[in-house]
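Since the structure comes first, as structure tokens, the remarks are kept for the end.
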Amino acid sequence: MCLKRLCHLILICAFCVVRNGATLAKDDVKASKQVTSNSSVWDRELVTDKPKWKEIVQNYDSYDENGAGFKHFNGTVLGYVTPWNNHGYDVAKVFGRKFTYISPVWLQVRKEAGVYKITGGHDIDKGWISELTNKSVKVLPRILFDGWRGEDYSSLFSSTKEAERLSETLFESISTHSFDGVVLEVWSNLGGQARPQLANVITFICERFHKGNLKVVLVIPPPVYYGGHPGMFSREDFDALSSTVDAFSLMTYDYSSSQRPGPNAPLMWIRTCVEELVPVSSDHLRAKILLGLNFYGNEYTSTGGGPILGFRYIEVLQNSKPKLRFDENAGDRKSVV
């Protein structure tokens, strides 16, 4: 089965590096100066399962200027702009027309003295938003349920009025800033507990947003983890929410770790996650799954390891000149240096 049929977000593949040396923190980022080209990666014969390190080093910072504003993929595409990679703001402006939604990671919802409050508004960049909307991309900021205690959730779950208050607070904040909707990050906060109650609250939020013609995307963890262990979001959860949530941002990455080195997002696991939620390939609900594809790899060392982003990967290639190995089963690439 073609992977493109699985869901609506297809962006990039992953890599991993096994080496001895220092590791990279997610907030340790340098932005390279990009250059333009008049030819695509296809024209330059860069799409291959047998790349050489020198080809990557020579071409990683260039893009096809003519194709920057053209969207090849017909499905919904959601892109995140994160605090640990400010270069993403520029990428979103250059390639904005390739995206359906852009989600800046700006906002949090907290409960303080019994009142729901939206924080992070000082990060909102009106000028940047204006440049994006000129490219017809919709802006849906991610809102994280931050600093919530067990009693805060209990209060929310036990009262319809609390769910309505929260929904109204979220809606007023998003509509005041003229955003097109919201990306909710809350499901993993409870470690898989109180799922029916949480689904009920999310439904309240969706209904309020839809009355104002705004979108709601829900971030969800994978339904299956390493070794086939059940995840915190099941088919039953998907079925309970699929009629109200506009799209699901599926976290199909971080399959491996420094304690268990391996591919970041093996293709067979990604396929399993999608099929676990929507088994039938022709089911229209698959279009609501936005497949999460990582823009980073992992660096495994003798002392542990951690995420490795593009600029660090280029440094490794330049310094070590490794032979790249492709794992056909995982659809992942690694180099041992």
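Can you tell me how many residues within the range 97-135 are buried (at least 19 other Cβ atoms within 10 Å of the Cβ) and among the basic types (Lys, Arg)? Matching residues across the range 97-135 total 2.
Can you tell me how many residues within the range 133-142 are over 22 Å from GLY191 (Cβ atoms) and either in a strand (DSSP E or B) or not polar (S, T, N, Q) (or both)?
Within the range 133-142, the subset over 22 Å from GLY191 (Cβ atoms) is 133-141.
Narrowing further to those that are either in a strand (DSSP E or B) or not polar (S, T, N, Q) (or both): 135, 137-141.
Matching residues across the range 133-142 total 6.
The residues of the range 272-295 that are in contact with a helix residue (DSSP H, G or I) (Cβ under 8 Å, 6 or more places away or on another chain) and touching a residue at least 60 places away in the same chain (Cβ under 8 Å), listed by number, are VAL274, SER281, ARG286, ILE289, LEU291, PHE295.
Flag set for ASP49, criterion: among the charged types (D, E, K, R), within 19 Å of TYR313 (Cβ to Cβ) and part of a loop (DSSP other than H, G, I, E, B). If you go through the range 72-86, how many residues are at pLDDT below 90 and either open to solvent by 40 Å² or more (accessible area, probe 1.4 Å) or within 18 Å of SER173 (Cβ to Cβ) (or both)? So the count comes out to 7. Against the conditions (1) outside any helix (DSSP H, G or I); (2) free of Cβ contacts under 8 Å to residues at least 12 places away in the same chain; (3) of a type outside the set (Phe, Trp, Tyr), where does GLU162 fall short? Just the number, please. Only one criterion is unmet by GLU162, namely (1).
Considering only the range 169-186, how many residues are polar (S, T, N, Q) and in a loop (DSSP other than H, G, I, E, B)?
To start, the set of residues in the range 169-186 that are polar (S, T, N, Q) comprises 169, 173, 175-176, 178.
In the following step, the residues that additionally are in a loop (DSSP other than H, G, I, E, B) were identified as 178.
Going through the range 169-186 one residue at a time, the tally reaches 1.
Residues in the range 196-210 that are open to solvent by less than 10 Å² (accessible area, probe 1.4 Å) and among the β-branched types (Val, Ile, Thr): VAL201, ILE202, ILE205.
Regarding the range 211-218, can at least one residue be identified that is surrounded by 15 or more Cβ atoms within 10 Å (Cβ to Cβ), without any contact (Cβ under 8 Å) to a residue 40 or more places away in the chain and outside any helix (DSSP H, G or I)? Write out each step before concluding.
Within the range 211-218, the subset surrounded by 15 or more Cβ atoms within 10 Å (Cβ to Cβ) is 214-218.
Filter once more, so that each one left must be without any contact (Cβ under 8 Å) to a residue 40 or more places away in the chain: 216, 218.
With the extra rule that they be outside any helix (DSSP H, G or I), the set shrinks to 216, 218.
Checked the range 211-218: at least one residue is surrounded by 15 or more Cβ atoms within 10 Å (Cβ to Cβ), without any contact (Cβ under 8 Å) to a residue 40 or more places away in the chain and outside any helix (DSSP H, G or I).
Looking at the range 209-223, is at least one residue modelled with pLDDT of 95 or more, of a type outside the set (Ser, Thr, Tyr) and more than 22 Å from SER103 (Cα to Cα)?
So in the range 209-223, the residues modelled with pLDDT of 95 or more come out as 209-223.
Checking the rest, the ones that are also of a type outside the set (Ser, Thr, Tyr) come to 209-223.
If we keep only those that are more than 22 Å from SER103 (Cα to Cα) as well, we get 223.
There is at least one residue in the range 209-223 that is modelled with pLDDT of 95 or more, of a type outside the set (Ser, Thr, Tyr) and more than 22 Å from SER103 (Cα to Cα).
Those residues that are touching a residue at least 12 places away in the same chain (Cβ under 8 Å) and assigned to a helix (DSSP H, G or I), I need them from the range 57-90; list them, please. Across the range 57-90, the qualifying residues are VAL57, ASN59, HIS87, TYR89, ASP90. For first residues located in the range 245-258 and within 12 Å of VAL183 (Cβ to Cβ), partners that are at pLDDT 95 or above and open to solvent by 50 Å² or more (accessible area, probe 1.4 Å) and lie 6+ apart or on another chain with Cβ distances below 7 Å form the pairs ASP246/LYS215. Summed over the range 102-132, the residues that are in a helix (DSSP H, G or I) and either touching a helix residue (DSSP H, G or I) at 6+ places or on another chain (Cβ under 7 Å) or within 20 Å of ASP246 (Cα to Cα) (or both) give a count of 3.
Residues in the range 143-159 that are under 16 Å from PHE204 (Cβ atoms) and not in a helix (DSSP H, G or I) were compared, and the one that is most open to solvent (accessible area, probe 1.4 Å) is SER159.
Looking at the range 30-42, is at least one residue at pLDDT below 80, among the basic types (Lys, Arg), under 22 Å from the mean Cα position of the chain (by Cα) and open to solvent by 40 Å² or more (accessible area, probe 1.4 Å)? Within the range 30-42, one or more residues are at pLDDT below 80, among the basic types (Lys, Arg), under 22 Å from the mean Cα position of the chain (by Cα) and open to solvent by 40 Å² or more (accessible area, probe 1.4 Å).
Going by the structure shown, is GLU168 within 24 Å of THR119 (Cβ to Cβ), surrounded by fewer than 21 Cβ atoms within 10 Å (Cβ to Cβ) and without any contact (Cβ under 8 Å) to a residue 24 or more places away in the chain? Walk me through how you get there before you give the answer.
Details: within 24 Å of THR119 (Cβ to Cβ): yes; surrounded by fewer than 21 Cβ atoms within 10 Å (Cβ to Cβ): yes; without any contact (Cβ under 8 Å) to a residue 24 or more places away in the chain: no.
No; evaluated as a whole, the condition is false for this residue.
The values are calculated or read from the model by the stated rules, or taken from the named source; none is laboratory data. A quick note: this is a predicted structure, and the numbers were derived from the prediction, not measured. Because the Cβ atoms are built from the backbone with ideal geometry, glycine has one as well, and the counts that use them run over all protein chains shown. Side chains are part of the model used for accessible areas, which takes the heavy atoms of the whole protein and leaves out ligands, DNA and RNA. Shrake-Rupley method; radii C 1.70, N 1.55, O 1.52, S 1.80 Å.
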